[in-house]
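Report on the structure given below.
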Amino acid sequence: MNTLLIAGCIGGITGVVAHLMRNGKVLVFPRRRRRPKGIYLGFLADFLIGAAAAVFAVTYLIPEPDMLRTLIGISILAGMTAENVLLKRELNVEKAKVEGLDRISQRLK
């Protein structure tokens, strides 16, 4: 249990660091959204995703970590991998938007 707590904290901190790098060293705090209606979690989403990825990686990749260094390394790698997956998803969404706008502009010509 102690191992999972350490992994979750380190993965979460890695997620927050990635959030800071992506948003120009600014923490985006949680807030309510009007459209679509809901809550934007901001940096908490990155923390939770990094923590979940680190706990998953430590649980399934190294069930019994002998050294703290191995635990920290796997947790950091898992947190960064989770952020890369999210960035790839955002990139694909933006690419689809640009392609849609290009199709619209071609039809208007």
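Throughout, read-outs are computed from the coordinates displayed, never taken from laboratory work. Please read all numbers here as calculations on a predicted model, not as lab measurements. Cβ coordinates were reconstructed from backbone atoms using ideal geometry, including for glycine residues, and neighbour counts include every protein chain displayed.
Summary value for the range 1-82: 41 percent relative contact order, contacts being C-alpha pairs under 8 angstrom separated by 6+ residues.
When the chain is treated as a Gaussian network with alpha carbon springs shorter than 10 Å, the biggest mean-square fluctuation among ILE62, ILE76, ILE39 belongs to ILE39. Taking the chain as a Gaussian network, where each spring joins two C-alpha atoms under 10 Å apart, which residue of ASN23, ASN84, ASN92 fluctuates the most? Result for the chain, Cα springs under 10 Å: ASN92 fluctuates most. Overall shape: oblate for the range 8-61, with the ratio a/c of the largest to smallest alpha carbon gyration tensor axis at 1.5 or above and b/c at least equal to a/b.
For the chain, the convex hull drawn through the C-alpha positions has a volume of 132 cubic angstrom per residue.
Taking label positions 7 Å along the Cα-Cβ direction at both ALA96 and PHE56, the computed distance is 2.0 nm, reported to one decimal.
Ranking of GLU64, GLU90, GLU83 by neighbouring Cβ atoms within 10 Å, starting from the fewest: GLU64, GLU90, GLU83.
How far, in degrees from 0 to 90, does helix 43-61 lean away from the longest principal axis of the Cα atoms of the chain, to the nearest 10? The helix 43-61 is inclined about 50 degrees to the chain. Taking the range 32-72 and a reference point 7 angstrom along Cα→Cβ of LYS25, the backbone N atoms nearer than 19 Å belong to 43. Comparing VAL28, VAL55, VAL16 in a Gaussian network model of the chain (Cα springs below 10 Å), the most mobile by mean-square fluctuation is VAL28.
Label-to-label distance for ARG107 and ARG32 is 3.6 nm, based on points extended 7 Å past Cα in the beta-carbon direction.
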